[in-house]
Structure formats: C-alpha cells, structure tokens
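Trainee: Here you go, one structure.
The values are calculated or read from the model by the stated rules, or taken from the named source; none is laboratory data. Since this is a predicted model, take the numbers as computed values, not measurements. Positions of Cβ are generated from backbone atoms using ideal geometry, with glycine treated the same way; all protein chains shown enter the neighbour counts. Surface accessibility is based on the protein's heavy atoms, side chains included, excluding ligands, DNA and RNA. Shrake-Rupley method; radii C 1.70, N 1.55, O 1.52, S 1.80 Å.
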Amino acid sequence: MKDAARHIIHEIYSDVLFELAQENGQVAEVLEDMEAVAKVFEVEPEFLNLLTFNHLKEDDKCAILKRVFGGRINELTLNFLCVLARHNRLGFLFGICDRYELLMEQLRNIQHFEVTLSKTPDERELEKIKQDLRDAVGTEVKLSVQVDPDILGGIVIRKGDTVIDNS
C-alpha cells in the first residue's frame, strides 16, 4: 500500500478514535491502552500476524482480542481494536497510535523540540533543558534528543524550520 493511502488510514481512524475518546473524557486512558497493545504486538509479532491473517474470520479476531485484552483495557479501546480487526486494519495500529498521540499533544498544547548535543545527556541535564524550554515558550515540552559528537559543546535546538545554534 502506498504511503499516502497508509497516511489517510492512520488519519481517519485516529481522528475518529480521538473524537470518541474526547466525548467520553478518556483521551489519556485510550492512548495508554493503545500504547500497551502496540507494545504487545511489538514484542509478540506472531500474535499480530495471527490477527491479520486473512483466513481468520473477523468475528474470531474480535473474540481473540476480547479474550486477551478484555478487562485489561478500556472498553472504547477494545471496541476500536475490534473495528480495526473487522476491517483488516490491525496492521495500521502503530501509525494510528502515533497520530493519536500527536492529536493529544496538540490538545494539551505540548511543543516538540529537537535538541542536538555533543554527548548523551543524563536525566538531570535533560530535565534542565526541558524546564528552560518550558519557561521560554510557556507550555509543556517534548524533546527528541540527537547526539552529534562533531559539535564540540553547547546545544542546537530545532522547532520546525527554526534553528537556534548555540554549539
């Protein structure tokens, strides 16, 4: 399947799930569930292969999902997984989960920054960078950290097309 079609599927399903989760006041819970299910599929790819196997009936796929995840995840998330299974879309779960997380971050006004450092920072350094950026922009911050030993020191901060090079 082409990337554009995959992207559209991620968008449609994540947008619908996000809207339902908002209506039910379960945005964070659904994300936690989706991440947990994605982790299971990542650790046990054979399980995902079973659920995406075309010769298995859709109702059987849903029954397996309910048996494995029932009582462990939110009912909304479980029903959503069954919809994905019935439409042979479980293989798209990772992309749907990523897009859902972006929607949640937009709702909470969380800003993404990419920082490049000369060496791997410890937790204290990362927290200091986050706090400084939070203070500067006035909202919650999420970091992507890159290490580039070619820079001698300091930090390079990227936000979209804007780059602050303090290396």
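Trainee: Just one of N54, N88, N49 is open to solvent by 90 Å² or more (accessible area, probe 1.4 Å) and in contact (Cβ under 8 Å) with a residue 24 or more places away in the chain; which is it? Break it down stepwise before answering.
Mentor: Working: N88 fails: open to solvent by 90 Å² or more (accessible area, probe 1.4 Å); N49 fails: in contact (Cβ under 8 Å) with a residue 24 or more places away in the chain.
N54 is the lone residue from the list that is open to solvent by 90 Å² or more (accessible area, probe 1.4 Å) and in contact (Cβ under 8 Å) with a residue 24 or more places away in the chain.
Trainee: Let me ask you something else. Please go through segment 57-74 and pick out each residue that is in a helix (DSSP H, G or I) and either in contact with a Lys or Arg (Cβ under 6 Å, 6 or more places away or on another chain) or exposed (fewer than 12 other Cβ atoms within 10 Å of the Cβ) (or both). Before you say what the answer is, go through the steps one by one.
Mentor: Keep residues of segment 57-74 that are in a helix (DSSP H, G or I), which gives 58-69.
Residues satisfying the conditions are E58, D59, R67.
Trainee: Another question, if that's okay. Which residues, taken from segment 75-105, are part of a loop (DSSP other than H, G, I, E, B) and out of contact with any Asp or Glu (no Cβ under 9 Å at 6 or more places or on another chain)? Spell out the reasoning first.
Mentor: Applying the first criterion (part of a loop (DSSP other than H, G, I, E, B)) to segment 75-105 yields 87-89.
R89, the sole residue that qualifies.
Trainee: Something else about it: List the residue pairs whose Cβ atoms are under 8 Å apart, where the first residue sits in segment 16-30 and is under 16 Å from I96 (Cα atoms), the second is part of a loop (DSSP other than H, G, I, E, B) and not small (G, A, S), and the two are 6 or more positions apart or on different chains.
Mentor: Listed by first residue and then by second, the contacts come to E29/N74; V30/N74.
Trainee: For segment 114-122, check the following and say yes or no: at least one residue is of a type in the set (A, V, I, L, M), part of a strand (DSSP E or B), open to solvent by 80 Å² or more (accessible area, probe 1.4 Å) and touching a strand residue (DSSP E or B) at 6+ places or on another chain (Cβ under 7 Å).
Mentor: Here is the first cut: in segment 114-122, the ones of a type in the set (A, V, I, L, M) are 115, 117.
With the extra rule that they be part of a strand (DSSP E or B), the set shrinks to 115, 117.
Narrowing further to those that are open to solvent by 80 Å² or more (accessible area, probe 1.4 Å): none.
Looking for residues that are of a type in the set (A, V, I, L, M), part of a strand (DSSP E or B), open to solvent by 80 Å² or more (accessible area, probe 1.4 Å) and touching a strand residue (DSSP E or B) at 6+ places or on another chain (Cβ under 7 Å), one finds none in segment 114-122, hence no.
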